[in-house]
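All remarks here apply to the structure that follows.
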Amino acid sequence: MNFLIVDATQRELMICLGAGEKRFTYLGNDSARRHASMILTKIDELLTEAGVAIGEIDVLGAVTGPGSFTGIRIGVTTVNALARASGAKTVELTALESVVFGKDDVIALMDCKNDNYYALKRRAGEDEYLAVNASELDEARFNGLERVYYLSPDPSGAEKVLLQKVGKGEFTDLARPFYIKKSSAENQK
């Protein structure tokens, strides 16, 4: 199986290509402001390096959030366009799922600045996404949970989540952005 995962949700752009047993990864340290201008070029470079055409990709993975509002849209739109052009199946995954893969009774935390976090709480196999502040993490509902901090995109973790979802047949016709909380513009309405 050939797969391609795109994550433009963070400052670092991540593109992970699986071509059979071989893996090719781009993890850029560039500014998030350049994702739109770089994403297709970097995908093309990985495909060329692997000797794979976009039509040979079986599954496209879209990291749908949480993260940068614009970055989420860039990554999701790119995956949807490539899926439509290539006929590949699409899987949605979140940036936080790779942090908690294979774990239970855990909370993954992504720093949103000013002591605020996007969180994925997994307890007894059930997932709950939250926006919390540092003081809320001391509440009883978080007792007994291992804290894991999201630091940067994880190609290996994203691959594990993607393959698990493929195994379960969790495909979507259209990847959609995932926002844990409303944007500033939505809040001002």
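So the values come out like this:
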| read-out | value |
| --- | --- |
| Subset of the range 89-100 [of a type outside the set (Asp, Glu) and in a helix (DSSP H, G or I)] | Ser98, Val99, Val100 |
| Residue count for the range 69-113, restricted to those that are touching a strand residue (DSSP E or B) at 6+ places or on another chain (Cβ under 8 Å) and free of Cβ contacts under 8 Å to residues at least 12 places away in the same chain | 0 |
| Filter pass, Phe171 being at pLDDT 95 or above, surrounded by 12 or more Cβ atoms within 10 Å (Cβ to Cβ), under 21 Å from Arg73 (Cα atoms) and more than 13 Å from the chain's Cα centre (by Cα) | yes |
| Any hit, the range 123-145, residues being surrounded by 20 or more Cβ atoms within 10 Å (Cβ to Cβ) and within 27 Å of Leu27 (Cβ to Cβ) | no |
| Strands (runs of 3 or more DSSP E) fully within the range 1-88 counting 1 or more residues that are on the phi < 0 side of the Ramachandran plot and out of contact with any helix residue (DSSP H, G or I) (no Cβ under 9 Å at 6 or more places or on another chain) | none |
| Selection status of Lys42, touching a strand residue (DSSP E or B) at 6+ places or on another chain (Cβ under 7 Å), charged (D, E, K, R) and either open to solvent by less than 70 Å² (accessible area, probe 1.4 Å) or more than 14 Å from Phe3 (Cα to Cα) (or both) | yes |
| Test: residue in the range 91-108 that is surrounded by fewer than 16 Cβ atoms within 10 Å (Cβ to Cβ) and among the acidic types (Asp, Glu) | yes |
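The values are calculated or read from the model by the stated rules, or taken from the named source; none is laboratory data. Because the structure is predicted, anything quoted here is derived from the model rather than measured. Cβ: placed from backbone, ideal geometry, glycine included. Neighbour counts: every protein chain shown. With ligands, DNA and RNA removed, areas are computed over all heavy atoms of the protein, side chains included. Shrake-Rupley method; radii C 1.70, N 1.55, O 1.52, S 1.80 Å.
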